[in-house]
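The next block holds one structure in the form of structure tokens; read it before the comments.
The values are calculated or read from the model by the stated rules, or taken from the named source; none is laboratory data. Just so it is clear, the model here is predicted, and its values are computed rather than measured. FYI the Cβ positions are ideal-geometry reconstructions off the backbone, even for glycines, and counts take in every protein chain you see.
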Amino acid sequence: MSGKGIGVRTIAITGIMIAVVAVFTRSIMVPIGTGFFNFSDVAIYFAAFAFGPWIGFVAGGVGAALADISLGYSQFALLTFFAHGLEGLVAGYLGWEGSRVARFVGQGDTRLRMLLGWLAGTVVMVGLYFVGEAAVPAMWGGLPQALTEWPFNLLQNVAGGIVGIPLVLAVRKAYPPITQMGLGTTWKKR
């Protein structure tokens with residue numbers, strides 16, 4: 001990709017990350033209330049921090065929603081799309097190497113930016129699920145469901161950051177060109 005627009009690589013990376021999020025969501029599931037605990041947030045934080053906010057948004061939202069649909073939790077797909085999609089968007093905006101925040105805070109503060117992105121992404125995801133479940137009892141269980149699930153959603157995000165951040169850092173160390181693969185970067189011909 002050069003200049004403006006979305007290139008083939010970006011589309012391919014986004015598709016792969018959607019699949020990775022869906023697989024991580026489905027791989028280990030622990031039923032909680034009418035939902036389930038899973039490891040989707042590991043993949044969402046990886047996508048957001050490795051490839052940027054837009055790929056984090058699409059991969060997080062679409063991947064987790066597709067997993068919900070495929071697992072018989074289709075009533076949660078819309079809420080999941082927004083909760084996990086906005087988690088990836090916010091985390092990527094704050095923590096991605098190519099973000100405006102990186103230019104403001106400084107390129108050397110990678111871990112700090114990722115921690116801020118992780119914390120903000122956690123607040124967004126846990127908060128949206130809580131408000132959504134509490135506000136629409138007929139579809140998402142109401143306040144009792146929201147009160148049951150929020151600690152597990154928080155734990156799910158903690159696990160996501162504890163695994164996802166070191167994973168991004170390890171991949172960047174092993175394969176430095178990954179930092180140039182996010183949406184909005186310019187591809188250089190070799």
Query raised in the report: Are any of the residues in the range 69-78 buried (at least 24 other Cβ atoms within 10 Å of the Cβ), modelled with pLDDT of 95 or more, of a type in the set (A, V, I, L, M) and assigned to a helix (DSSP H, G or I)?
Result: no
Query raised in the report: small (Gly, Ala, Ser), more than 30 Å from Ile178 (Cα to Cα), surrounded by fewer than 16 Cβ atoms within 10 Å (Cβ to Cβ) and touching an Asp or Glu at 6+ places or on another chain (Cβ under 9 Å) - does that describe any residue in the range 130-137?
Result: no
Query raised in the report: Within the range 138-156, which residues are in contact with a helix residue (DSSP H, G or I) (Cβ under 7 Å, 6 or more places away or on another chain) and surrounded by fewer than 19 Cβ atoms within 10 Å (Cβ to Cβ)?
Result: Met139, Gly142, Leu143, Trp150, Leu154
Report task. Go through (1) under 30 Å from Met139 (Cα atoms); (2) of a type outside the set (D, E, K, R); (3) without any contact (Cβ under 8 Å) to a residue 12 or more places away in the chain one by one and return the number of the condition Ile18 breaks. Result -> (3)
Query raised in the report: In the range 11-36, which residue that is more than 18 Å from Phe81 (Cβ to Cβ) and touching an Asp or Glu at 6+ places or on another chain (Cβ under 9 Å) is surrounded by the most Cβ atoms within 10 Å (Cβ to Cβ)?
Result: Ile32
Query raised in the report: Under the condition of being among the hydrophobic types (A, V, I, L, M, F, W, C) and in a loop (DSSP other than H, G, I, E, B), which residue from the range 1-49 is modelled with the lowest pLDDT?
Result: Met1
